[in-house]
Amino acid sequence: MSTVSTTVNVSGMTCGHCVSSVSEELEALAGVETVDVDLNSGGISTVTITSAGALSSSEIGEAVAEAGYLVVANEA
């Protein structure tokens, strides 16, 4: 079974506690192996999720929202 890496942008995170909250909610999703957060305090933080299978954007969004933050679109 191969792993899948998913990257999302999250707004509103400002500190280590924010990172911890988001990581905890995402790690609770089925199949998630690791969560790596690149904190951009006061801006858009990048969250990379490594999982055993593909995750839907809705389940990622719901987990992030449960932690009190918002997944935002990539600014291309």
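The table below lists the values:
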{"quantity": "Of residues in the stretch 1-25 being in contact (Cβ under 8 Å) with a residue 40 or more places away in the chain, within 9 Å of the chain's Cα centre (by Cα) and part of a helix (DSSP H, G or I), the one farthest from Tyr69 (Cα to Cα)", "calculated": "Glu25"}
{"quantity": "Any pair with Cβ under 9 angstrom, 6 or more apart, that starts in the stretch 28-41 at a residue that is within 16 Å of Ser2 (Cβ to Cβ) and ends at one that is assigned to a strand (DSSP E or B) and of a type in the set (Gly, Ala, Ser)", "calculated": "Gly31/Ser51; Val32/Ser51; Glu33/Ser51; Thr34/Ser51"}
{"quantity": "Residue selected from the stretch 40-69 under the condition among the polar types (S, T, N, Q) and under 18 Å from Gly12 (Cα atoms), by the criterion surrounded by the most Cβ atoms within 10 Å (Cβ to Cβ)", "calculated": "Ser45"}
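Read the figures in this text as sums done on the coordinates, not as results from a lab. Since the model is a prediction, treat every value here as computed from it, not as a measurement. Please note: Cβ atoms are built from the backbone with ideal geometry, for glycine as well, and neighbour counts cover all protein chains shown.
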